[in-house]
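Below is one structure, written out as structure tokens, with a few remarks after it.
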Amino acid sequence: MGQNLVQKIIKEHLISGEMTAGKEISIRIDQTLTQDSTGTMAYLQFEAIGIPRVRTKKSVAYIDHNTLQTGFENADDHKYIQTVAAKHGIYFSRPGNGICHQVHLERFGIPGMTLLGSDSHTPTGGGIGMLAIGAGGLDVAVAMGGGPYYLTMPKVCRVTLKGSLKPWVSAKDIILEVLRILTVKGGVGKVMEYAGEGIKTLSVPERATITNMGAELGATTSIFPSDGITREFLKAQGREDDWRELLPDADATYDEEIEIDLEGLEPLAARPHSPDNVARVKDIGKIKVDQIAIGSCTNSSYTDMMKVAQILKGKTVSPGVSLVIAPGSKQVLTMLAENGALADMVAAGARVLESACGPCIGMGQAPATGAVSLRTFNRNFEGRSGTASAKVYLVSPEVAAVSAITGMLTDPREAGDPPVVEKPEKYAVNDNMVIPPAPEGVEVEVVRGPNIKPFPVNRELPENLAGKALIKVGDNITTDHIMPSNAKLLPFRSNVPYLAEFCLTPCDPDFPARAKENGGGFIIGGSNYGQGSSREHAALAPLQLGVKGVIAKSFARIHMANLINSGIIPMVFVNEEDYDGIENGDEIILSNAREQVRNGGEMTIRNNTKHKDIKVAVYLSSRQAEIILAGGLLNYTRQNGS
């Protein structure tokens, strides 16, 4: 029986376990990436493990999130990351060099390798045939130290693309269609593997758009084959030697399959406030638009930017629209500057931002009160833009650029002939903004600013856990809800005690005070609790407040792993109706906690207020159970080695 792409790469990297869907496996990690929003914590944790130098083939630290320097905090974190990277064998991508996923695709990604990143959009690397997975910072720290990465062997869903896209329809519309079909929960426990004749019509940047936004499905990752198109891209980057062919066997089998006819796709948009709230642009209608933002790790490639420049050339942005554009990397920005496309954008009235994440993570460019904002980004969660009342739509660069001119959400097919962008035969390669690490043995002083505080470390699990239900929240609570990540809070990513004062405040402003007053307790959640970003702070801040466990209908993959890594027990209601029977303030007791966790499977908790026993399931491998018993992955690693 033949193997699919996922099976081939995992087999090459398998350390332990069997490749059966649902079973825990561990794999060797070839490369890691971090960004500055999660990187400071990841490197503090790496230092705490005590390994002197990374053991991966390549690890890169990027500065792309916290680039708005309104105080010393971000600059201090950047200095810390630069010096700790130099000391421990990590390449450092300076601020201004670009968004981690765009730069890694351009300069470092290698087909067939494994990549673990402390950012949920690490699957971008699947666009060149990598098995690229987002994870919490502590998992990345362990991988940098040479430890295996543990995950549940995913199911593999084959996404067959038929035909080719019509004019004005883009790769963004493909992934929006997948989200429409599967929803933000539809990819949990799966890898999306793209196949079919249609993939031959998609360039590497287009493939990367699809794998990038596959994170919104809740999928472990997404992947395309490494074929002649991949080789052509790497050759244009001066990296043809990094190419290898990687195709599924002709008789490969899959756990699930879906099919998309590219010929039938039309321009789509994700309406507020979820990436799967998808409709055709023409059906949404010509709503007035106040702001348009083009960029992010989803749509900031050279090809995307050139399409936008061609649409804007000779035109003027509508008087009622604020248009901001952020090229994804220094490479892209340089090429736009050299060929005149940047001048076309500026002449049309666009405001050009630095090559960074910027408004995608709420770092500047918050819309006006009640504004409609079209964004070529990957998430439109309520309040993520920095304005709670804003209505954010996710669209392609083509829809965004045409709408910037008309001042209304516009089907780009009304704009005449579509832009045509030729693939570059050679990209502008200049890696002078990537600083190699110091040679091994050279003394490097690690610089720590006053905002860098010790992170919380849990204690061994006691025999009994008791506490109040501190808060009860609904379905699809994101990490933006659990640990807000706006421009005012991002500078404090290395200061968990400060951040904890804002934990879950979008759901209940009194939550931090109540948690401290009660000495911690339990969080009650709905379905898909913790979707969105990989930010480990959504587990560390509750830990700081004394949270002992989260009881939910279901969990998002990365957040569940981060809770386990922090020693916080993730429990799933066996009977979802029991969710309705718990109220804020109820006294929850988990007796014989160590024995119940060690035994795994179903456990019993007691709602002492309602005098009722509740069945919960704890989906832990034996290794994860030991992590919970030890009080988290850091304690476990110190006790057992990586």
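The values are calculated or read from the model by the stated rules, or taken from the named source; none is laboratory data. Just so it is clear, the model here is predicted, and its values are computed rather than measured. When we count neighbours, we look across all protein chains shown, and the Cβ atoms used for this are built from the backbone with ideal geometry, even at glycine.
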TODO: Name, by its number, the condition in (1) assigned to a loop (DSSP other than H, G, I, E, B); (2) in contact with a Phe, Trp or Tyr (Cβ under 7 Å, 6 or more places away or on another chain) that does not hold for residue 167.
DONE: (2)
Task: Breaking point among (1) in the same structural domain as residue 396 (by TED's automatic domain parsing); (2) over 21 Å from residue 324 (Cα atoms); (3) in a helix (DSSP H, G or I); (4) among the hydrophobic types (A, V, I, L, M, F, W, C), for residue 305 - done: (2)
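Scanning for something in a helix (DSSP H, G or I), touching an Asp or Glu at 6+ places or on another chain (Cβ under 7 Å) and within 20 Å of residue 143 (Cβ to Cβ), does segment 585-594 turn up at least one residue? I'd like the intermediate steps shown before the answer.
Our first condition is that a residue be in a helix (DSSP H, G or I); within segment 585-594, this holds for 593-594.
Subsequent filtering for residues that are touching an Asp or Glu at 6+ places or on another chain (Cβ under 7 Å) retains 593-594.
Adding the requirement that they be within 20 Å of residue 143 (Cβ to Cβ) leaves none.
No, because not a single residue in segment 585-594 is in a helix (DSSP H, G or I), touching an Asp or Glu at 6+ places or on another chain (Cβ under 7 Å) and within 20 Å of residue 143 (Cβ to Cβ).
Here are some residues: 607, 575, 584. Which one is of a type outside the set (D, E, K, R) and farther than 15 Å from residue 525 by Cα? Please lay out each step first, then the result.
Numbers: 575 fails: farther than 15 Å from residue 525 by Cα; 584 fails: farther than 15 Å from residue 525 by Cα.
Answer to the selection: 607.
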Task: Test: residue 316 is part of a loop (DSSP other than H, G, I, E, B), modelled with pLDDT of 95 or more and not hydrophobic (A, V, I, L, M, F, W, C) - done: yes
Task: Condition met for residue 573 (more than 22 Å from the chain's Cα centre (by Cα) and either in contact (Cβ under 8 Å) with a residue 24 or more places away in the chain or not assigned by TED's automatic domain parsing to the domain that holds residue 73 (or both)) - done: yes
Open item on the list: Can you tell me which of (1) in contact (Cβ under 8 Å) with a residue 40 or more places away in the chain; (2) assigned to a strand (DSSP E or B); (3) in contact with a Phe, Trp or Tyr (Cβ under 8 Å, 6 or more places away or on another chain) is the one residue 550 doesn't meet?
Closed with: (1)
TODO: Restrict the check to segment 480-487 and report whether at least one residue is touching a strand residue (DSSP E or B) at 6+ places or on another chain (Cβ under 8 Å) and in the same structural domain as residue 606 (by TED's automatic domain parsing).
DONE: no
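Name the residue that is modelled with the lowest pLDDT, counting only residues in segment 445-477 that are in a loop (DSSP other than H, G, I, E, B), among the β-branched types (Val, Ile, Thr) and buried (at least 16 other Cβ atoms within 10 Å of the Cβ).
Initially, segment 445-477 is screened for residues in a loop (DSSP other than H, G, I, E, B), giving 445-464, 473-477.
Now drop any that are not among the β-branched types (Val, Ile, Thr), which leaves 446-447, 452, 457, 473, 477.
Subset that is buried (at least 16 other Cβ atoms within 10 Å of the Cβ): 446, 452, 457, 473, 477.
Values: 446: 96, 452: 93, 457: 90, 473: 97, 477: 95.
Applying the filter and picking the extreme gives 457.
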Task: Filter result (crowded, with 24+ Cβ neighbours inside 10 Å, among the charged types (D, E, K, R) and closer than 24 Å to residue 244 by Cβ) within segment 80-125 - done: 106
Task: Hey, residue 602 more than 29 Å from residue 502 (Cβ to Cβ), charged (D, E, K, R) and under 33 Å from the mean Cα position of the chain (by Cα) or not - done: yes
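Here are some residues: 437, 454. Which one is of a type outside the set (Ser, Thr, Tyr), in contact with a His (Cβ under 8 Å, 6 or more places away or on another chain) and within 30 Å of residue 635 (Cα to Cα)?
On the way: 454 fails: in contact with a His (Cβ under 8 Å, 6 or more places away or on another chain).
Going through 437, 454 in turn, the sole match is 437.
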